[in-house]
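Read through the structure below, which is laid out as structure tokens, and then see the notes.
The values are calculated or read from the model by the stated rules, or taken from the named source; none is laboratory data. Computed from a predicted model, the values in this text were never measured in an experiment. Heads up, the Cβs are rebuilt from the backbone with ideal geometry, glycines too, and the neighbour counts pull from every protein chain shown. The area values use the complete protein model at the heavy-atom level, side chains included, leaving out ligands, DNA and RNA. Shrake-Rupley method; radii C 1.70, N 1.55, O 1.52, S 1.80 Å.
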Amino acid sequence: LSYLSLLFFGTLCPRYIQPQNLTQNLTSVSEFFLLGLSDDPELQPLLCILFLSMYLVTVLGNLFIIQAVTSDSHLHTPMYFFLSNLSLVDIGFISSTVPNMIVNIQTHSRVISCEGCLTQMSIFILFRGMDCTLLTAMAYDRFVAICHPLHYTAIMNPCLCCSLVLVSFLVSLLESQVHNLIVLQLTCFKDVEISNFFCDPSLLLDLACSDTVTNNIVMYFVGTVFGFLPLSGIFFSYYKILSSILRIPSTGGKYKAFSTCGSHLAVVCLFYGTGLGVYLISAISQSPRKDVTASVVYTVVAPMLNPFIYSLRNRDIKRAMWKLFSKIISSLYLCHPFGVYKAEKCSKTNI
């Protein structure tokens, strides 16, 4: 994405001004330096193992959800269609930052090229935006299911569901390229050390030596629009849902209706809560390490918890995942050389 931006706008990477002389010795910026998580050499192997484990748990958990939804015909509904897309987006979201961090820990290097920084920033913003918009689409799905149950099938048809996912991608792509364009407008940097473990557009603006008031206003305006509008859609949907649930006479009916929203509401609170926490900590705290810790919770812990939230709170997902897991175990058992059945039985089963 960043390479397309560079070709389209015809702009080279900004330049770095040496601190000794702010008017001379302009050299083209070719790389940045990431702060990382810790400077302690003894902690590096532990951090590598920890984040590799978290990354694998996130990827495998979301892949299990995707496979469970696709393999069970009872889950071929709009809600689970959005859930499988959200799981795919979560894999991309965590993959935009953690693999590069693990490589940096292993190679004892914190260098990232200018083009690599722009690419990482674009991919990160793209998947973050898709998280926001897909959560909004899922809230709309719950709104239609609870407030207009008789028209649910007609409204949430496959064409609309695919259109919502496509719009989510296009809107998020637009947001990422707007942030990319703002960064590409910078002419010089007063420093090349980014105080985080990945390229954050707001941190890049802080490193600019030129007046970035206009760019900051534009970036925060874009962030507010692309963040506030999806959140407003979620609030409006749940306002209507709550109003409909309160009109249900029986307590059991109220609980059954609201239980269908529990997992989604928990994921929304986790995603926006950790995101708001990162913003508040970066605004209040003067310690870069605290900012990095908050970013880890937002970019690593939140995507890792999403599969557990949906699998533990949703009986349909639990049943589908258990069937999938049992199928895998039985297949492995039949194909084992010491299994009960012979090899030709195993080959027939695989066919």
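Here are a few things to note about the model shown:
- Length-normalised contact order of the stretch 121-206 in % [C-alpha pairs under 8 Å, at least 6 apart]: 45
- Mean Cβ count within 10 Å, highest first, over the residues of peptides 254-262, 56-64, 298-306: 298-306, 56-64, 254-262
- Label-point separation, Leu173 to Lys318 (7 Å along Cα→Cβ), nm: 4.0
- Heavy-atom SASA rank of Arg247, Arg319 (probe 1.4 Å, accessible area, largest first): Arg247, Arg319
- Extension gain, His74 back to Lys290 (0.36 nm per residue minus Cα-Cα distance, nm): 73.3 nm
- Cα-based equivalent ellipsoid of the stretch 80-154: semi-axis lengths in Å, sorted from largest, via gyration tensor: 38, 11, 7
- Leu181/His148 FRET efficiency (R0 35 Å; Cβ-Cβ; nearest 0.05): 0.30
- Summary of packing: across the peptides 198-209, 140-151, the per-residue average of other C-beta atoms within 10 Å ranks them, highest first, as 198-209, 140-151.
- For Cys159, the accessible area of its heavy atoms, probed at 1.4 Å with every protein chain present, is near 100 square angstrom.
- On the basis of the beta-carbon distance and an R0 of 41 Å, Gln67 and Lys190 show a calculated FRET efficiency of 0.25.
- Residues in the stretch 251-280 reached by a label modelled at Val297 [backbone nitrogen below 18 Å; 7 Å Cα→Cβ]: 266-280
- Expressed as a whole percent, the accessible surface of the stretch 47-109 that belongs to carbon and sulfur atoms is 72, based on a 1.4 Å probe.
- Within a straight-line Cα-Cα reach of under 13 Å, Lys323 can be paired with the following aspartates and glutamates, leaving aside sequence neighbours fewer than 8 residues apart in one chain: Asp72.
- FRET efficiency estimate (nearest 0.05) - Cβ-Cβ, Ser259 to Gln106, R0 51 angstrom: 0.70
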